[in-house]
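Quick notes on the structure that follows.
What follows is calculated from the coordinates using simple rules that are stated; it is not laboratory data. Keep in mind it's a predicted model, so treat the numbers as computed, not measured. Using ideal geometry, Cβ is built from the backbone for each residue, glycine included, and neighbour counts are taken over all protein chains shown.
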Amino acid sequence: MKNNAYFNGTFGDFDTMTVPMSERSIYFGDAVYDAILVLDRKPFTLDMHLDRLYRSCELTSISFNMDREALKTEIDKLLSMADMGTTMLYIQVSRGNAPRKHEFPESVKPNLLMFVKSCPLPAKDKRASLLSMEDMRFKYCNIKTVNLLPNVFAAQKATEEGYTEALMHRGERVTEAAHSSILIIKNGKVIMPPLDELILPGITRAIIKELCDKNGILTEQRVFTVNEVLDADEILLCSTTKNVILVYDIDGKAVGGKDRATANKIQELFLKKIYDETGVIL
């Protein structure tokens, strides 16, 4: 498929689009981003993602003053050039262009970068294996910045050892996977880590909570441990590019498999939510 790109009002091909060498995201990772599932050019839960994007800008003091409707217009233009099917829209806002210096530059204008790429979703019956490891990220995990090197290391280590994803923890406290939220089901209740500086406020996670609350599935937000994950009735990974998948193995040990009814119900509700918003059946 063709991968279309955008930079500060200019549309072009992903492979030929250029950005200035003074872009602060290059030197410092001084940028925030969001990634959105797009089905037949219809972005799923766009407003929730834009809420998080603007919030990330606020938390990093990036003065991104572009009106939301104006941003949506640019998004629509970019998506109109994209192929049909399942794609991902990536949006990045950086502090802007300036000579390399750690402190914020004065009177700098943020840069807006976007692109659309193919995003094949996992099969409905896809299951995941996890490799547990210490969470080495810094304490701004609630901000969706482009500073993802610890996540990259974790994902690479899991892949090299034959696992689908990394299960990250700080001491015994479970935080997240390398690029997914993690939830557990125990005694019919969906348990989610509390949202603090160690946890990204995942959009898919938020949708799952909303769907559970509306459909009589109990939820709880609290800290849980590695041992609780190992003992859970089911373990779920969820993200924009995964939807909701079940975990069957952690560190080579079989896990889950004790409450497929609740897990499958959550998956069904999520797919229905996608259909209701986009008209696309997955």
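Filtering segment 134-159 to residues that are aliphatic (A, V, I, L, M) and either in contact (Cβ under 8 Å) with a residue 60 or more places away in the chain or within 23 Å of Arg24 (Cα to Cα) (or both) leaves Ile143, Val146, Leu148, Leu149, Val152. Residues that are buried (at least 17 other Cβ atoms within 10 Å of the Cβ) and charged (D, E, K, R) number at least 1 in the following strands (runs of 3 or more DSSP E) confined to segment 161-269: 165-170, 173-177, 181-186, 234-239, 243-250. Residues of segment 76-115 that are at positive phi and without any contact (Cβ under 8 Å) to a residue 12 or more places away in the chain: Ser107 alone. Here Thr18 clears all of (1) surrounded by 15 or more Cβ atoms within 10 Å (Cβ to Cβ); (2) polar (S, T, N, Q); (3) without any contact (Cβ under 8 Å) to a residue 12 or more places away in the chain except the condition numbered (1). Residues in segment 135-145 that are more than 12 Å from the chain's Cα centre (by Cα) and surrounded by fewer than 18 Cβ atoms within 10 Å (Cβ to Cβ): 4 in all.
Scanning segment 76-107 for residues that are hydrophobic (A, V, I, L, M, F, W, C) and out of contact with any strand residue (DSSP E or B) (no Cβ under 7 Å at 6 or more places or on another chain) yields Met84, Ala98, Phe104.
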